[in-house]
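A short write-up of the structure that comes next.
The values are calculated or read from the model by the stated rules, or taken from the named source; none is laboratory data. If you're wondering where the values come from, they're calculated on a predicted model, not measured in any experiment. Here the Cβ is made from the backbone with ideal geometry for all residues, glycine too, and neighbour counts use every protein chain on show. These area figures cover heavy atoms from the full protein model, side chains too; ligands, DNA and RNA do not enter into them. Shrake-Rupley method; radii C 1.70, N 1.55, O 1.52, S 1.80 Å.
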Amino acid sequence: MTGVTRGIEEGAAEIREDGTRVLHYLLRFPQPVENVWAAVATSEGLRGWLAAAEVFEPRLGGAVTLRGIGSGRITAWDVERIAEYTVEGRGRIRFHLEPTRPSGTTVRFTHESPRDGDPGWRQRFDRLVAHLASAPDRSAP
């Protein structure tokens, strides 16, 4: 791992033969899966830390438009487990959520992109940490 900050571990980037750049992050949050899912897989949650979801159809094949990022489709969708967005010109953005004991969440994040350069994920994840810290607990009865 190349860097660790407040539960954010940045993995080594790889370049595939076709030129696709793949970034890996391991994110650890004290919040339950329900809260993290709401932040990465709802239009309200995404607006709180990543971008306004001007179009968001929460289902496999659904349309998604993230302001300032682009438009595309939801290419993987397993409620409270996997949310993956494929955005034209930006590649695939995948969140794989796993519950951790006693009530936290680990997210295996992958970004596959035809672009080179830093897409700013570390700063975005810092905003996600702050967003989750201020969000209501969705797991409470």
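Quick notes on this structure:
- Checked against the criteria, Ala51 does not count as without any contact (Cβ under 8 Å) to a residue 40 or more places away in the chain, out of contact with any Phe, Trp or Tyr (no Cβ under 9 Å at 6 or more places or on another chain) and farther than 22 Å from Glu88 by Cβ.
- Residues located in segment 5-28, provided they are exposed (fewer than 11 other Cβ atoms within 10 Å of the Cβ) and in a strand (DSSP E or B): Ile15
- Hey, Glu112 open to solvent by less than 20 Å² (accessible area, probe 1.4 Å) and under 19 Å from Ala51 (Cα atoms) or not: no
- Residues satisfying the stated conditions in segment 109-141, i.e. part of a strand (DSSP E or B) and touching a helix residue (DSSP H, G or I) at 6+ places or on another chain (Cβ under 8 Å): Phe109, His111
- Odd one out for Glu44, checked against (1) closer than 21 Å to Ser113 by Cβ; (2) exposed (fewer than 15 other Cβ atoms within 10 Å of the Cβ): (1)
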